[in-house]
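Working notes, structure below.
The values are calculated or read from the model by the stated rules, or taken from the named source; none is laboratory data. Computed from a prediction, not measured in an experiment: that's the story for all the values here. As a convention, Cβ positions derive from the backbone with ideal geometry for all residues, glycine included, and neighbour counts pool all protein chains shown. Note: areas computed on protein heavy atoms with side chains; ligands, DNA, RNA excluded. Shrake-Rupley method; radii C 1.70, N 1.55, O 1.52, S 1.80 Å.
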Amino acid sequence: MAIPRIRFDQITKSYGSLRVIDGLSLDIAKGEFISLLGPSGSGKTTLLMILAGFESATGGGVWLDGKRIDHLPPYRRDMGVVFQNYALFPHMTVADNIAFPLQMRGVRKAEIAERVKRALDMVQLGAMSERYPAQLSGGQQQRIALARALVFEPAVVLMDEPLGALDKQLREQMQLDIRKLHMRLGLTVVFVTHDQSEALTMSDRIAVFNKGIIEQIGTPREIYDHPATRFVAEFIGETNLIEGTVERVEADMATVRLAGGSEIRVQAGTAATTSAKVLVSVRPERIHLGPDAGERGNALRSTVVDSVYQGDHLRVQLDDGAHGFIVRSDRRTAEWPQGAAVVASFQPEDCWVIAS
Amino acid sequence: MLKTLQVLFGAAAVFFLIVPLIAILPLAFTSGAFLTYPMPGISMRWFNELVTADAWRRSIVNSLVIGCGTTMLATVLGTTAALGLRGRVVLGGLFRTMFLLPMVVPAVVLGVGMQILFVRLGVANSYLGVIAAHTVVAIPFVVVSVSGSLEGIDRRVERAALSLGASPFTVLQRVTLPLAMPGIASGAVLAFATSLDEVVLTLFVAGPNQRTLARQMFSTIRENISPAIAAAAFLFIVGTLLAAAAAIVLKKQRQRRTGLA
Ligand SMILES: Nc1ncnc2c1ncn2[C@@H]1O[C@H](COP(=O)(O)OP(=O)(O)O)[C@@H](O)[C@H]1O
Ligand SMILES: [Mg+2]
């Protein structure tokens, strides 16, 4: 296997008695876009700062292209960092901001001018070169910070919640822009976010952080469809977790007896061993509501507790006597008044088993 | 009612503060030989006296030399101290207090101590001695002023510079100091004003060759009450106002451009 661009090996970081990162190992390939996703305080920024050289790990090592870099100060690490608040130099013009890393590397004047211009064009702010950061909007400042972090073609680009301060529309635009740049320039990007939809949109792989460890690492699809733990299932998107006991395992399918007494068929993940206590995860958009189960393998007779109009879908709350469910229902099919009896049905392929 | 009282009280306080200035300044333009009203006529003779009479002229030059020396020394040392005291430093509180001590220690006490020390060091009655003495009392102003503007600098901006390849020294040069410049500049203005106006320490450590303008005014007012004092005071105030105005204009310009406070 090729040498990873970045390797974290058994990284530990403690502040006094508080262990913020706990024996974390992670390889990041060249050209990969990886997101560190987790709730606030889970250690994402700390890991990024260890990588950038602003914090030193209490234990473990960091490698860049096979060379250990723990001892290198930040200015010798060749990493472009985009901070959450942009951290532009307020006393320099946009052009000078972008020229800064090139000046630090002794690039010739004429070449600097040309590369600054190219970087500005790349983020579509060519007209702003003589402005000061304070004269730009948040989104424009964000792009300048991006241009400044990319202009010197660093080995890795680190971004710490770079879009957190932008409004929704701009954020989505920037997500696509960054993703495009990543693909066009073949950048290796480590992207910190606490926004799961952002991570799903942008990443090649997502590392889900919880209390200083990585709960799961995988492609957005793997993380969303096959969460390894309850934490991941609940943190990524919305899901229904139903308690049950595995009755039988047959090849790649299993039968689970739910607490309410009914049985459902599920995909047999690694967690499904006979008589194991498990949680079955079913995404709200995978559940169908109707008078009967139709062709779908699993059915639960339920009562509508509440139904909320959400524009593109109806959010229906159900109760089958033992469990509550959330269902995202197509709003064109039918309205579901409170108290109505309904059959909630779903495919065995949409049921994922997690050890409880 | 309360509002009126407030305004009246404020006006009274301002009046109390500036009435000595209003009283003395017109006398700078008297044509008479005494520092009294009524003025017999208007003339510039006392300004003329300031620049021609040897004692006055030398004292003005001395004040400028010592003021500039003090400004440079105090600004460099005070800025360095403020940089060192930045953030969490071991015993930082203690050091900070020490740097501010000259503000509260009685000048006479400092003066006596300095005189003894300077004689030992062989710098008594020298420009170096006076500049050193003035620097001690000017440093606190620089420390306070620079610390204030350092506090306003976002550390992430400096981190960004580091990550972009700047060594810590380059970061200081290209990012930290430029961003702290308003504080450094106003610290320098304050240091200059402190030196200009310092009398007590000067009495202790200066020899006859280092008579400053303030010192000269002090002895003149006791020997012969000449309107030259009023003219000197006028110069003082104009000089101070100009320095302050320059600082404000610079700050405004920068603010308009960069949005920095
Ligand atoms: N300098 C520090 N001193 C003490 N605790 C810190 C320091 N920096 C971060 N922490 C703690 O480390 C934990 C992880 O922080 P952080 O990496 O910023 O989390 P995230 O970026 O995932 O929100 C938090 O509990 C935070 O309080
Ligand atoms: Mg963070």
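Things to note:
- Only a single item in (1) buried (at least 21 other Cβ atoms within 10 Å of the Cβ); (2) within 16 Å of ligand 1 (Cβ to nearest atom) is not met by A:H194, and it is number (1).
- Checked against (1) buried (at least 21 other Cβ atoms within 10 Å of the Cβ); (2) without any contact (Cβ under 8 Å) to a residue 60 or more places away in the chain; (3) within 6 Å of ligand 1 (Cβ to nearest atom), A:F8 passes all but condition (3).
- Scanning the range A:63-103 for residues that are within 8 Å of chain B (Cβ to nearest Cβ) and under 17 Å from B:P178 (Cα atoms) gives A:A87, A:L88, A:F89, A:P90, A:H91, A:F100.
Results for (1) within 20 Å of A:L200 (Cα to Cα); (2) more than 16 Å from ligand 2 (Cβ to nearest atom); (3) more than 14 Å from chain B (Cβ to nearest Cβ); (4) open to solvent by 40 Å² or more (accessible area, probe 1.4 Å), shown as yes or no for each residue.
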position	(1), (2), (3), (4)
A:Y15	no, no, no, yes
A:G23	no, yes, yes, no
A:A29	yes, yes, yes, yes
A:F33	yes, yes, yes, no
A:S40	yes, no, yes, yes
A:G43	yes, no, yes, no
A:L48	yes, no, no, no
A:E55	no, no, no, yes
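- So A:A155, is it more than 16 Å from the chain's Cα centre (by Cα), within 14 Å of chain B (Cβ to nearest Cβ) and within 16 Å of ligand 2 (Cβ to nearest atom): no
- The set of residues in the range A:148-161 that are among the charged types (D, E, K, R) and either surrounded by fewer than 17 Cβ atoms within 10 Å (Cβ to Cβ) or within 16 Å of ligand 1 (Cβ to nearest atom) (or both) comprises A:E153, A:D160, A:E161.
- Top-ranked residue of the range A:73-98 - restricted to ones that are outside any strand (DSSP E or B), more than 18 Å from A:Q135 (Cα to Cα) and touching a residue at least 24 places away in the same chain (Cβ under 8 Å), ranked as most open to solvent (accessible area, probe 1.4 Å): A:Q84
- Highlighted here are the helices (runs of 4 or more DSSP H) found entirely within the range B:162-261 that include at least 3 residues which are more than 14 Å from the chain's Cα centre (by Cα) and within 13 Å of another protein chain (Cβ to nearest Cβ): B:168-171, B:177-197, B:228-258.
- Only one of the numbered conditions (1) more than 14 Å from every other protein chain (Cβ to nearest Cβ); (2) open to solvent by 20 Å² or more (accessible area, probe 1.4 Å) is not met by A:G106, and that is (1).
- Filter result for A:G61 (in a strand (DSSP E or B) and more than 16 Å from ligand 1 (Cβ to nearest atom)): yes
- Answer residue from the range A:110-152, given it is assigned to a loop (DSSP other than H, G, I, E, B) and within 14 Å of chain B (Cβ to nearest Cβ) and is farthest from ligand 2 (Cβ to nearest atom) among those: A:E130
- Counted as qualifying within the range A:257-356 are the strands (runs of 3 or more DSSP E) with 3 or more residues that are within 20 Å of A:E247 (Cα to Cα), namely A:263-267, A:277-282, A:298-309, A:351-355.
- Filter result for A:F209 (farther than 23 Å from A:P101 by Cα, assigned to a strand (DSSP E or B) and either in contact (Cβ under 8 Å) with a residue 40 or more places away in the chain or within 14 Å of ligand 2 (Cβ to nearest atom) (or both)): yes
- Condition met for A:G164 (out of contact with any Pro (no Cβ under 9 Å at 6 or more places or on another chain), under 23 Å from A:S35 (Cβ atoms) and surrounded by fewer than 23 Cβ atoms within 10 Å (Cβ to Cβ)): yes
- Of the residues making up the range A:214-225, those that are surrounded by fewer than 16 Cβ atoms within 10 Å (Cβ to Cβ) and not polar (S, T, N, Q) are A:R221, A:E222.
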